[in-house]
Every structure is written in structure tokens, then in C-alpha cells.
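A short write-up of the structure that comes next.
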Ligand SMILES: [Zn+2]
């Protein structure tokens, strides 16, 4: 299998969208239908070197195919591909359910979690790191990643990805995830997101700021969460956490209003209090640093101007208040990265708010001007993708920790471009990022647990390692290859000469290449929800 000449989307292809596969041989390729009839033939394929993997590769566009089973043939090699209506419903639902498996502070019951059931974890009150006499019950939320920490900014960004997936592409989000709230009248993607939002509200301090994170002073060993009983602490407040949570809560106030007026009001009040704190602390930004003696994730963002920008956009959208529009315009004038959707750079979420949601209502600066700027900026990921042999929107020197975030963030940017322009080159390039995540990559691996014939089996994820079950918890996406911030052990195993896109170990200790994280799941859900919503059969 390692030497297969084909790299395909192992979760299948969607009827109604182009079928694209990678071939690593300058030979003749045919596609046969189920009965063995050739329906496509490409001769003398010209491969080119993909610099990130050093593979000699060519992307084959097989056009749109009716639902069915097909076989790609090249010499003696044959590989089955599947084309289905609503092809990515299942993987999208699994990625949303992945958040359920990350729930903290509650029992995961057998009826919802099956073999991955476990007792409630992290249910004790937490002390304030700076003043241990202050203790609060701050239970709930999602474990952030492979560890058991809960981080405000990353959690707020993940929740926002999911809320926008629902807001923009409701038909693509699936439903009936079999979570405890299923059937309560609210869509399950919003039920799941609310589990995080309820926790986020508890992370707000009386002064309006948000604690940066809720963690222990060190990472747990590879034990089940309910066995992790050392004390947790509310770590100091931070500007970035407060900005991201402010934006997220303002967005939540709009998204949840039709179902839960009380919650929508509480969310908006929280956002306003956070904004008041941000205004009071406009000039005193310092990046969050772990206090002395704390060794959990730092998420030390170097600036808060993008979080403030996103928050102002969302508060304007939630209230219509001209003061927030003015604030957003002023922050926009400072320069914002409109194609970034990660935990650190959140400018893309402000762009989503104004360009995809508010549209003309955002006004001449936040719509007309921003649209022009965004369309120009989103040419960059398309260019990167077109220069990659696999169509991957990541330059060869950009394979860092959680490379999947940049790749799927670029997919989100190209989807937003398509929504604004209808450009098919943008949409197809965005789709190739999904193809990458689901198997069309040099490693021939599907990065989502539970999917693909060649799949991730040993993610850096404590429950998956500690539960004694061979298969990892399903519906989690691996961060993927990372040659920039690599552990010495990974470097030693792979060697300096291994190309960046191959710098990956499907091994539990390799947090540097094979961790999971909620905001990698959520940005992938966003892209999948879009393609699910537009890939209905004709
Ligand atoms: Zn927990």
C-alpha cells in the first residue's frame, strides 16, 4: 500500500462535485465502473515534483461522476473509489460528535459514547492561581486537545467555527448525533457547542475579563480523565482570551436567540462586560505567559488587535450599535489578516461576520472595502495550492505544529471567496484541502480517526491511549506533518532528509505531529458543512 500510485479521498467523493485523485506515475490511467467498463482514460500523464513531499505527482480531474463504485487502474495497480450523494455527511457528523467525546465534567454514558463511555472527570472546584482562597466550580467545556486542559481563546474560536458552520450552511451540518440533548428541538451542532459556551461563561471574572485557561500546573500522564485528580487552577486573565470570548459570546447571542432567549441575553451581557474590560485595558497589552511553575499549554498570542477587531464586528452584528461599527472600522484600519481562522489569528472570523453574514449592512468599510481586500488576500492560498503537486494550500516551509489548521483555514478562506464570487477554481481548490485531510496526501493517510482504509490509529490523545481499546476515539483530526517545531525523538526517527509533508508519525508520543485539537476539528467541520450543503445530487 505504501507504494500505491494513487492517493485518493478515502472517505469517498461527492456526487455533484468534481472527483480529483492524485497519481504518482507518468503512465496511463483508466477509470472503470463497477462492471469493469473503462469510462475515463488519461495517457502519458505528466507528473511534476511536489516540493513539500518530493513526490512526482499529477492531479487527475475525473469530472463529475454519478454515485457508484469505481476502480482507478494503472499498470497492475488498482484502487477503488466511491462516489456518493451526501458523501461527507458521516465524517462531518463524526467530527462534530468528536466534541462530545471531549466533554469534561460529565459522565459519557454508554448509550451515547458506546465503548468510549467513562465516568465524570474534573468535577472539583478550581482555585484561582493568584489567590488560592478563591475557589469556583468551573466544570464543563471540552478538553482542548490530547491533554485535559481547557483554554478560553482556543475554545471560543472552536465554538465560533461551529456556530458559523451552522449559520452559513445549516443543511450541511447533519443532525441526530446521539448526544444527551438530541431531540430537544435544537440542532445537535448547537447543542454540542452550547456545552462549551456554558463553560466559557463561567470563565469570566467579576471584572469582565476572562481567565486565560483552566488547567493543572502540569500535564496529566496517559490516564483516563476521571483518574486525573490533581487540582486545577483558574489561570490569570488575558487580553486575547477576553477578546475571543467577547466575540464568541456576541455571536452566540445571535445564533441561540431563536431557541433560548435567556441564554442569548446572558451571552450578550457577557460580551458587553468583556468589551468594557477591553476598552479599559486598551493600552496595557502583554502576551500571556505561563506563571512560574505552570507547564501546561501557553497559547501565548503576541497581539490582541485581531481579537478586538473580531469582537467589535460581532458586537456590531449583535447590537447594531454604531459605536461598535466605528470600533471595528478603526481596528480594521490598523490592518487585519482576513484569511486567518486559527486560535491566534482570528481576523478571518471578523471577515466571516461582515462579508458572509452582515454583507451590505456592514457598510462601505466593513463590506465594500473589506470585500475588495479579502478577495485580494484570498488569492494567496489559491496560488499556494496551485503550486503544490497535491493541490495542498501549504508551502513546503510552512509545515508546523497543527499544519492541518492552516490547510483547513485556507479552505475556509477559499470557500468565502467562492461565496462572494462564484469562482469554481476557488471552490475546487478548497475541496482539495478536504481531499488532503481525508487521504489525498503523500502519506496516503486519512487524518480523521475512524475513517479511511489507511487511517490514524495512535493519535496523541490521552483517552485513546488509556482506554484499552484498539481503535482511537472516532471523529478527531490529527494535526499532521510538522517539520518546523519538531521533537528531537521525531527528528531522530524520521531523519533530517525526510521532506516536510512526510514529517509525521502515527505514534501516541508524537504530539508534535499527531495530536488532536478542538479547533482543528471545528475548522474542518466548517469546510465539510459547506461542501455537504452544495453537493446534493442534481
Ligand atoms: Zn475533564
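Values in this text are rule-based calculations from the coordinates and carry no lab data. Given the structure is predicted, the values throughout are model-derived calculations rather than measurements. Don't worry about glycine lacking a Cβ; one is built from the backbone with ideal geometry, like all the others, and counts go over all protein chains shown.
Computed from label points 7 Å out along Cα-Cβ, the spacing between residue 380 and residue 82 is 3.8 nm.
Fully extending the segment from residue 265 to residue 368 would add 34.0 nm, taking 0.36 nm per residue of separation and subtracting the current Cα-Cα distance.
Neighbour counting of Cβ atoms within 10 Å sorts the residues 210, 285, fewest neighbours leading, into 285, 210. Taken along the Cα-to-beta-carbon direction at a fixed 7 Å, the label points for residue 470 and residue 457 span 0.8 nm. Rounded to the nearest 500, the 222 nm mean residue ellipticity of the chain from helices alone is -11500 deg cm²/dmol, with -39,500 (n - 2.57) taken per DSSP H run of at least 4 residues.
Its Cα gyration tensor gives the stretch 127-189 an equivalent ellipsoid, and the semi-axes of that ellipsoid, as √(5λ) in whole Å with the largest first, are 30, 15, 10. For the stretch 411-453 versus the stretch 31-54, the inter-centroid distance based on Cα atoms is 19 Å. Potential lengthening of the chain between residue 56 and residue 489 amounts to 153.0 nm, from the contour at 0.36 nm per residue minus the alpha-carbon distance. The smallest convex shape that holds all Cα atoms of the stretch 82-125, its convex hull, gives 75 Å³ per residue.
The spread of Cα positions in the stretch 220-282, taken along each principal axis and listed from longest to shortest, comes to 39, 35, 14 Å. Shown here are the Rg and Dmax of the Cα trace of the stretch 382-538, at 15.6, 51 Å. With no solvent and one equal point scatterer placed on each C-alpha of the stretch 368-464, evaluate the Debye formula and give log10 I(q)/I(0) for q = 0.13, 0.17, 0.21, 0.22 Å⁻¹, two decimals. The calculated log intensity ratios at q = 0.13, 0.17, 0.21, 0.22 Å⁻¹ are -0.49, -0.76, -1.02, -1.09. Kirkwood analysis of the stretch 1-104, using all unique Cα-Cα pairs, places the hydrodynamic radius at 15.1 Å. A Förster radius of 51 Å, combined with the Cβ-Cβ distance separating residue 425 from residue 132, puts the computed FRET efficiency at roughly 0.35.
Evaluated over the Cα positions of the stretch 1-52, the convex hull gives a direction-averaged projected area, one quarter of its surface, of 5.0 nm². With a Förster radius of 22 Å applied to the beta-carbon distance between residue 326 and residue 279, the computed FRET efficiency rounds to 0.95. Extents of the stretch 88-239, largest first, come to 47, 34, 24 Å (Cα atoms, principal axes, whole angstrom). The antiparallel fraction among DSSP beta bridges confined to the chain stands at about 85%. Sorted from longest to shortest, the spans of the Cα atoms of the chain along the three principal axes equal 71, 55, 48 Å. Each peptide in 200-207, 313-320 gets a packing score, the mean of other Cβ atoms within 10 Å over its residues, and the list from highest to lowest is 313-320, 200-207. Beyond 18 Å, the tail of the calculated P(r) for the stretch 56-151 holds 67 percent of the Cα pairs. Relative to the longest principal axis of the Cα atoms of the chain, the long axis of helix 188-202 makes an angle of roughly 30 degrees. Calculate the FRET efficiency for residue 222 and residue 67 from the Cβ-Cβ distance with a Förster distance of 30 Å, rounded to the nearest 0.05. Plugging the Cβ-Cβ distance into 1/(1 + (r/R0)^6) gives 0.10.
Counting every pair of alpha carbons in the stretch 277-433, the share spaced more than 23 Å apart comes to 43 percent.
Sorting the segments 107-116, 525-534 by their residues' average number of neighbouring beta-carbon atoms within 10 angstrom, most packed first, yields 525-534, 107-116.
In terms of Cα atoms, the Rg and Dmax of the stretch 187-340 work out to 16.6, 51 Å. The tail of the calculated P(r) for the stretch 288-350, taken as Cα-Cα distances beyond 17 Å, holds 46 percent of the pairs.
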